[in-house]
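A.B. asks: What follows is a single structure, and I will ask about it in a moment.
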Amino acid sequence: MGKMHHILLKIGPAAFRIASAWRQPLDQLAGLYRHYPAPGEGQVDFTVRLEPDKPWRRHIRPSVHIGGDFWLPDAAPLPLAQGLLAAEMGMNLQMALGWRRHLLLHASSVKKDGKALVMTGLSGSGKSTLSAMLAERGWRFMGDEFALLGLDDGKISPFPRLISLKNQAIGAMQNLAADDRFGPEMKATPKGDIRHLVPPQEAVTRMEESATPALLLFPRFGHARELREMGQAEIFVRLTQASTNYVALGESGFRALTRFVDRVPARAMDYQSIEQAEELIDGLWSKLP
Amino acid sequence: MTQKYRAAPAEDLIWHDLDSMKLLYHRPSGITHILADPAPAIFEVMEEAALAATEIIARLTALFDIESGGDAEEIILARLEELSLLGLVSRVPG
Amino acid sequence: MMRDARRLVDALRNPASVEMLRGSEWTDLISMARAESLIGALAHRIDHAKVPDRIRMVLQDAVEAHDLARLQALWEADCARRALADYPGKIVLMKGTAYVAADLAAGRGRSIGDLDIMVERKDLPVVENALLDAGWEWVKPDPYDDQYYREHMHELPPLIHRERDRMIDVHHTILPLTAGPTPDAGEILASAVALADGLYVMAPADMVLHSVAHLFADGDLAGGLRNLWDINLLLREKAEASASFWTELDERARLHGLADELARALRLAAALYDTPVLPSLAGKATFTDNFYVRRLLARDGYGRETRKLTRLAFYIRSHWLRMPPLMLARHLWIKWRKDGKPSG
């Protein structure tokens, strides 16, 4: 068998072992996650494996197959230059398919005044960019990919992995954040141009602190500024679609999600710029009970 | 012989209101259903008895402001068949 | 880093052995158990052992995931029962669904994928039509695959339910028609045991022999550790329940032409899981038993498949087992031509 290297990472409540046939993606991860704590005793929840697609692909046009404890058939391999993206996708896959200690919402989340703002929507809605931007403007970053909804307490737990910036968001954030917080720029990946950003330090040191959700937004970038009320049935259905493990959690997922829909006010938000979004959010936030 | 129907046992069902709709979590299957009128009302009047569609309509008209006659039986029968395909209502030999 | 699955087998056989594990060895154990679909079994098995906190949570997750899988499997069986309510013949549940429906130890924490049922061969068209009426649809639109299934396999081409997205495999016997041994399907149906809801499971000896047939004939021993764990639990429970079990097992193995496969499975179960077996049925250990053990343990602490050459040998062997040589050549040729063609 080919030799494997590995590192251990802890992000919010989850611990990972990332094993790789190549050092390069692990060195990049180790650098970007250098301020994160290590999982105790070497014990983790999930193993991610980055392996050559075919044995000869370790050295010749190396191509990375994403595997691990949980995996999908037909996952397309990535070139080694995108190994860091492969590792992040591998961790997301473990969470999406294997995590059961929270209801997982495909959503970003930020926190202010001890309460959480949750933003969910399709890819391209701008939820990830919004969370990154708000995190530089007085909000505490909690996560750009998954919001973890507590099954018993209804609180949101942070999952502050590296922020995955796409396309135009890369340039926008480069104007705001210091150079040493960025990973390598990866051009023309299956998800477009990608560059990872280390979350603000406080997001990492306080990643064990959960917060009560106070507002749920369905942002949509590029449409004329508008806030729209939504029916509970629409909210519920869209959240089941945004959850990777709603079905897998059975009754406890049903209870957590119905409580969330009951208690958390929600709006659809169309916006055309970050300033507009910030203004709309501040307006809603100031009127919360 | 008239086809009778019986609703799934109450302890298998968890109900939750969503505006005008009702959510129904069905424990044995782990499936969440979203039900619109008159399906939730049908469950309410069926309790755990085996009933024919006409008996269900009689109970519905007694409880709610629903017109009997017309196509009421057709509508209720269609809903009952849908619910029985989902395993939420079972067909009982009458 | 663990180099093979020995520690996983040890943990299942002797739960107290996990207390010797240190630090990252636990992570290795979990990855191997997940890769072998044995995480649920492991979680139940080492329930009382002293386990580090994070690993305890991982195991609890597995218990809950499998509890739900069990519910869903039973529900799927019930959906099939309702769809086939007018079918007068026996509907026999197979594999994981049978274990949970009959509340057997082998069902605890077992992962269950598709619903497998067995009916009489002549009734396949009736059953197929009833399922199509109740919302199941064909998975494979490919006419070659379809014809291949119908002519040479022991089941209908798989059907999937259009709303619940769950598959059903309808079998009429327990091995492909092209395999060497030809089990007596009529006898299996005749002896099947009724459950409370009117569905059936196989009689104890047949259930064990189906699991044995599944271990050797279905693929290249992939998932073998789990299949052998099923066999281990079934043997223990059935032998305990009935004094005549071993005699019946012997008779049924001969009837179905599976005596050699049974003997091998008994030796492997005894070797890996300490299963108490009847020595006269298990026969004498052979040199190739070691080869099988090596194959079954070919998994490292990252969860990777190891021993590629051993696996390859079993892969080729498994195709020879399932198909006569000429048909294998034809199958591989057609597959190769189809896979080689650009699609779309």
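A.B. asks: Can you confirm whether A:A188 is closer than 22 Å to A:L29 by Cα and outside any helix (DSSP H, G or I)?
C.D. replies: So A:A188 passes the test.
A.B. asks: Name the residues in region B:57-71 that are modelled with pLDDT of 85 or more and either crowded, with 16+ Cβ neighbours inside 10 Å or acidic (D, E) (or both), would you?
C.D. replies: Correct list: B:I57, B:R59, B:L60.
A.B. asks: Looking only at residues that are at the interface with chain A (Cβ under 8 Å from one of its Cβ atoms) and within 26 Å of the chain's Cα centre (by Cα) in region C:43-66, which one is surrounded by the most Cβ atoms within 10 Å (Cβ to Cβ)?
C.D. replies: Restricting to residues being at the interface with chain A (Cβ under 8 Å from one of its Cβ atoms) and within 26 Å of the chain's Cα centre (by Cα), the top hit is C:V58.
A.B. asks: What number of residues within region C:1-55 satisfy the criterion of being more than 18 Å from C:R110 (Cα to Cα) and of a type in the set (K, R)?
C.D. replies: 6
A.B. asks: A further question follows. Looking only at residues that are within 14 Å of another protein chain (Cβ to nearest Cβ) and at pLDDT 95 or above in region A:69-86, which one is surrounded by the fewest Cβ atoms within 10 Å (Cβ to Cβ)?
C.D. replies: A:F70
A.B. asks: Tell me whether region A:214-224 contains one or more residues that are surrounded by 13 or more Cβ atoms within 10 Å (Cβ to Cβ), within 14 Å of chain B (Cβ to nearest Cβ) and within 26 Å of A:S286 (Cα to Cα).
C.D. replies: No, because not a single residue in region A:214-224 is surrounded by 13 or more Cβ atoms within 10 Å (Cβ to Cβ), within 14 Å of chain B (Cβ to nearest Cβ) and within 26 Å of A:S286 (Cα to Cα).
A.B. asks: A follow-up question, please. Report yes if A:L165 is assigned to a loop (DSSP other than H, G, I, E, B) and without any contact (Cβ under 8 Å) to a residue 40 or more places away in the chain, otherwise no.
C.D. replies: Answer is no for this residue.
A.B. asks: Still on this structure, please answer the following. Can you give me the number of residues within region A:13-68 that are open to solvent by 30 Å² or more (accessible area, probe 1.4 Å), facing chain C (nearest Cβ under 10 Å) and of a type in the set (G, A, S)?
C.D. replies: Here the count works out to 1.
One line per residue, one yes/no per condition, for (1) within 11 Å of another protein chain (Cβ to nearest Cβ); (2) open to solvent by 50 Å² or more (accessible area, probe 1.4 Å):
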{"site": "A:L227", "(1), (2)": "no, yes"}
{"site": "A:M230", "(1), (2)": "yes, no"}
{"site": "A:E234", "(1), (2)": "yes, yes"}
{"site": "A:N245", "(1), (2)": "yes, no"}
{"site": "A:G250", "(1), (2)": "yes, no"}
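A.B. asks: Which condition number does C:R264 fail, the rest of (1) open to solvent by 40 Å² or more (accessible area, probe 1.4 Å); (2) at pLDDT below 95; (3) under 18 Å from the mean Cα position of the chain (by Cα) being met?
C.D. replies: Just one mismatch for C:R264, condition (2).
A.B. asks: Kindly indicate which of C:G89, C:G40 is under 30 Å from C:A130 (Cβ atoms) and more than 8 Å from every other protein chain (Cβ to nearest Cβ). Talk me through it step by step, then tell me what you get.
C.D. replies: Numbers: C:G40 fails: under 30 Å from C:A130 (Cβ atoms).
C:G89 is the lone residue from the list that is under 30 Å from C:A130 (Cβ atoms) and more than 8 Å from every other protein chain (Cβ to nearest Cβ).
Yes/no per residue for (1) farther than 21 Å from A:G121 by Cα; (2) at pLDDT below 95; (3) in contact with a helix residue (DSSP H, G or I) (Cβ under 7 Å, 6 or more places away or on another chain); (4) open to solvent by 20 Å² or more (accessible area, probe 1.4 Å):
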| residue | (1), (2), (3), (4) |
| --- | --- |
| A:F146 | no, no, yes, no |
| A:L151 | yes, no, yes, yes |
| A:R161 | no, no, yes, no |
| A:A169 | no, yes, yes, no |
| A:D193 | no, no, yes, yes |
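A.B. asks: While we're looking at this one, here's another question. Identify, please: which residue in region B:45-94 is outside any loop (DSSP other than H, G, I, E, B), under 24 Å from C:W75 (Cβ atoms) and charged (D, E, K, R) and is, among those, farthest from the other protein chains (Cβ to nearest Cβ)?
C.D. replies: B:R79
The values are calculated or read from the model by the stated rules, or taken from the named source; none is laboratory data. Quick caveat, the model's predicted, so the values are computed rather than measured. All Cβ positions, even for glycine, are placed from backbone atoms using ideal geometry, and neighbour counts span all protein chains on display. Note: accessible area is taken over every heavy atom of the protein model, side chains too, but ligands, DNA and RNA are not part of it. Shrake-Rupley method; radii C 1.70, N 1.55, O 1.52, S 1.80 Å.
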